[in-house]
Amino acid sequence: MELHGTNSQVECQTCHQRSDPEPHFSYFRETRRSPICGCGGFLKPATISFGQNLRPEDLSRSEDAASHADFVIALGSTLSVYPAAEIPLLAARNGVPYAIINRGATEHDVLPQVTIRMEDDVEKVFPPAVAAALNER
Ligand SMILES: [Zn+2]
(Lines give C-alpha, C1' and ligand atoms only; values in the text may rest on other atoms or scores of the structure.)
Protein backbone atom coordinates (compact mmCIF):
# COMPACT_ATOMS: atom_id res chain seq x y z
CA MET A 1 0.00 0.00 0.00
CA GLU A 2 1.34 3.41 -0.96
CA LEU A 3 0.04 5.55 1.88
CA HIS A 4 1.88 8.61 0.61
CA GLY A 5 0.88 8.03 -3.01
CA THR A 6 2.96 7.22 -6.05
CA ASN A 7 5.06 8.93 -8.71
CA SER A 8 4.01 6.32 -11.24
CA GLN A 9 0.69 8.08 -11.84
CA VAL A 10 -0.68 11.61 -12.05
CA GLU A 11 -3.86 12.67 -10.31
CA CYS A 12 -6.38 15.39 -11.13
CA GLN A 13 -6.67 17.82 -8.22
CA THR A 14 -10.36 18.35 -8.97
CA CYS A 15 -11.95 14.98 -9.86
CA HIS A 16 -9.06 12.81 -8.46
CA GLN A 17 -8.93 10.60 -11.55
CA ARG A 18 -5.52 8.95 -11.86
CA SER A 19 -3.75 8.22 -15.11
CA ASP A 20 -0.45 7.26 -16.72
CA PRO A 21 1.88 10.30 -16.70
CA GLU A 22 3.57 9.67 -20.07
CA PRO A 23 0.80 11.07 -22.34
CA HIS A 24 0.78 14.22 -20.21
CA PHE A 25 4.58 14.55 -20.43
CA SER A 26 4.36 14.12 -24.22
CA TYR A 27 1.65 16.78 -24.39
CA PHE A 28 3.88 19.16 -22.43
CA ARG A 29 6.96 18.42 -24.58
CA GLU A 30 4.97 19.08 -27.77
CA THR A 31 2.94 22.11 -26.69
CA ARG A 32 4.86 23.60 -23.72
CA ARG A 33 1.46 23.94 -22.07
CA SER A 34 0.51 22.49 -18.69
CA PRO A 35 -1.50 19.32 -19.15
CA ILE A 36 -4.94 19.43 -17.59
CA CYS A 37 -7.57 16.80 -16.89
CA GLY A 38 -10.61 16.36 -19.13
CA CYS A 39 -12.64 18.00 -16.33
CA GLY A 40 -10.37 21.07 -16.45
CA GLY A 41 -8.59 20.28 -13.18
CA PHE A 42 -4.84 20.56 -12.64
CA LEU A 43 -2.70 17.42 -12.69
CA LYS A 44 0.18 16.59 -10.38
CA PRO A 45 2.07 13.43 -9.40
CA ALA A 46 -0.24 11.21 -7.35
CA THR A 47 1.89 11.67 -4.26
CA ILE A 48 0.83 13.30 -1.02
CA SER A 49 2.60 16.65 -0.98
CA PHE A 50 3.37 18.73 2.10
CA GLY A 51 0.11 20.20 3.35
CA GLN A 52 -2.07 17.60 1.61
CA ASN A 53 -4.07 15.12 3.67
CA LEU A 54 -3.66 11.39 3.24
CA ARG A 55 -6.49 9.74 1.33
CA PRO A 56 -8.92 8.57 4.02
CA GLU A 57 -9.55 5.23 2.27
CA ASP A 58 -5.80 4.49 2.11
CA LEU A 59 -5.33 5.39 5.76
CA SER A 60 -8.27 3.20 6.71
CA ARG A 61 -6.91 0.23 4.70
CA SER A 62 -3.47 0.71 6.31
CA GLU A 63 -4.96 0.76 9.80
CA ASP A 64 -7.01 -2.33 9.05
CA ALA A 65 -3.97 -4.20 7.67
CA ALA A 66 -1.88 -3.17 10.68
CA SER A 67 -4.49 -4.35 13.15
CA HIS A 68 -4.42 -7.82 11.52
CA ALA A 69 -0.64 -8.09 10.99
CA ASP A 70 1.47 -10.88 12.46
CA PHE A 71 4.65 -8.80 12.25
CA VAL A 72 5.48 -5.21 11.43
CA ILE A 73 8.67 -3.68 10.00
CA ALA A 74 9.42 0.04 9.59
CA LEU A 75 12.04 0.60 6.88
CA GLY A 76 13.98 3.78 6.21
CA SER A 77 11.81 6.18 8.15
CA THR A 78 12.36 8.54 11.05
CA LEU A 79 8.80 7.62 12.09
CA SER A 80 8.17 11.26 12.86
CA VAL A 81 5.33 12.06 10.45
CA TYR A 82 1.89 11.19 11.72
CA PRO A 83 -0.55 9.63 11.05
CA ALA A 84 1.66 7.32 8.94
CA ALA A 85 4.05 6.75 11.87
CA GLU A 86 1.10 5.51 13.91
CA ILE A 87 0.49 2.55 11.56
CA PRO A 88 3.25 0.23 12.87
CA LEU A 89 2.25 1.06 16.43
CA LEU A 90 -1.29 -0.17 15.76
CA ALA A 91 0.20 -3.57 15.01
CA ALA A 92 2.78 -3.48 17.80
CA ARG A 93 0.16 -2.65 20.42
CA ASN A 94 -1.49 -5.97 19.55
CA GLY A 95 1.68 -7.65 20.77
CA VAL A 96 3.16 -8.57 17.39
CA PRO A 97 6.92 -8.20 16.86
CA TYR A 98 7.99 -4.73 15.67
CA ALA A 99 11.31 -4.30 13.82
CA ILE A 100 12.83 -0.98 12.77
CA ILE A 101 15.64 -0.66 10.24
CA ASN A 102 16.89 2.87 9.67
CA ARG A 103 20.09 4.82 9.37
CA GLY A 104 19.66 7.42 12.09
CA ALA A 105 17.41 7.78 15.09
CA THR A 106 13.66 7.30 14.87
CA GLU A 107 10.94 8.57 17.17
CA HIS A 108 9.99 4.98 18.03
CA ASP A 109 13.47 3.88 19.14
CA VAL A 110 12.69 4.26 22.84
CA LEU A 111 9.23 2.69 22.76
CA PRO A 112 8.78 -0.60 24.64
CA GLN A 113 6.81 -2.07 21.69
CA VAL A 114 9.99 -2.20 19.53
CA THR A 115 11.30 -5.78 19.37
CA ILE A 116 14.46 -5.16 17.35
CA ARG A 117 16.15 -1.98 16.17
CA MET A 118 18.80 -2.19 13.43
CA GLU A 119 20.97 0.83 12.65
CA ASP A 120 21.90 0.48 8.97
CA ASP A 121 20.93 1.12 5.36
CA VAL A 122 17.70 -0.65 4.48
CA GLU A 123 18.97 -1.75 1.07
CA LYS A 124 22.04 -3.34 2.66
CA VAL A 125 20.25 -5.17 5.49
CA PHE A 126 16.71 -5.93 4.42
CA PRO A 127 17.09 -7.96 1.18
CA PRO A 128 19.57 -10.45 2.73
CA ALA A 129 17.36 -10.72 5.84
CA VAL A 130 14.34 -11.58 3.70
CA ALA A 131 16.37 -14.08 1.67
CA ALA A 132 17.66 -15.73 4.84
CA ALA A 133 14.16 -15.91 6.32
CA LEU A 134 12.75 -17.46 3.15
CA ASN A 135 15.56 -20.05 3.05
CA GLU A 136 14.76 -21.10 6.62
CA ARG A 137 11.22 -22.07 5.65
ZN1 LIG B 1 -10.33 15.86 -13.39
message = Sort 119-132, 11-24 by packing, meaning the average of other beta carbons within 10 Å per residue, with the highest value first.
response = 11-24, 119-132
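Evaluate the charge dipole of the stretch 5-47 about its Cα centre and quote only its size in Debye, nearest 20, assuming +1 on the Cβ of each Lys and Arg and -1 on the Cβ of each Asp and Glu.
Details: 5 positive and 4 negative charges, 32 e Å.
About 160 debye.
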remark   = Across 40, 95, 76, the residue with the highest GNM fluctuation in the chain (Cα network, 10 Å cutoff) is 40
request  = Please find, in a Gaussian network model of the chain (springs between Cα atoms separated by less than 10 Å), the residue of 102, 94, 53 whose mean-square fluctuation is greatest.
outcome  = 53
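Go ahead and estimate [θ] at 222 nm for the chain from helices alone: -39,500 (n - 2.57) per DSSP H run with n ≥ 4, summed, over the residue count, rounded to 500.
Values: 4 runs with 43 residues, N = 137.
It comes out at -9500 deg cm²/dmol, rounded to the nearest 500.
Below 15 angstrom from the Cβ of residue 118, what's the summed charge of the other residues (Lys, Arg +1; Asp, Glu -1)? Don't skip to the end; give the middle numbers.
On the way: positive: 103, 117, 124; negative: 109, 119, 120, 121, 123.
Value of the local net charge: -2.
Mind putting a number on the dipole of the chain about its Cα centre? Charges go on the C-beta only, +1 for Lys and Arg and -1 for Asp and Glu, and I need it in Debye to the nearest 20. Working shown, then result.
On the way: 12 positive and 18 negative charges, 87 e Å.
For this selection, approximately 420 debye.
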task = Take the chain, connect every pair of alpha-carbon atoms lying under 10 Å apart with a spring to form a Gaussian network, then pick out the residue of 29, 61, 103 with the largest mean-square fluctuation.
result = 29
message = Taking θ = phi - 60°, what integer Hz values does the Karplus form 6.51 cos²θ - 1.76 cosθ + 1.60 yield along the stretch 31-36, in sequence order, with x for Gly and Pro?
response = 10, 6, 10, 5, x, 10
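Give me the 1.4 Å probe accessible area per residue for the chain, excluding ligands and nucleic acids, in Å². List each step's numbers first, then the result.
Details: 9120 Å² over 137 residues.
It amounts to 67 Å² per residue over the chain.
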inquiry  = I'd like the carbon and sulfur percentage of the solvent accessible area for the chain, probe radius 1.4 Å, heavy atoms only, ligands and nucleic acids excluded.
reply    = 54
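The values are calculated or read from the model by the stated rules, or taken from the named source; none is laboratory data. These figures come from a predicted structure and were not determined experimentally. Backbone-built Cβ (ideal geometry, glycine too); neighbour counts: all protein chains shown. Accessible surface is based on the protein model in full, side chains and every heavy atom, while ligands, DNA and RNA are left aside. Shrake-Rupley method; radii C 1.70, N 1.55, O 1.52, S 1.80 Å.
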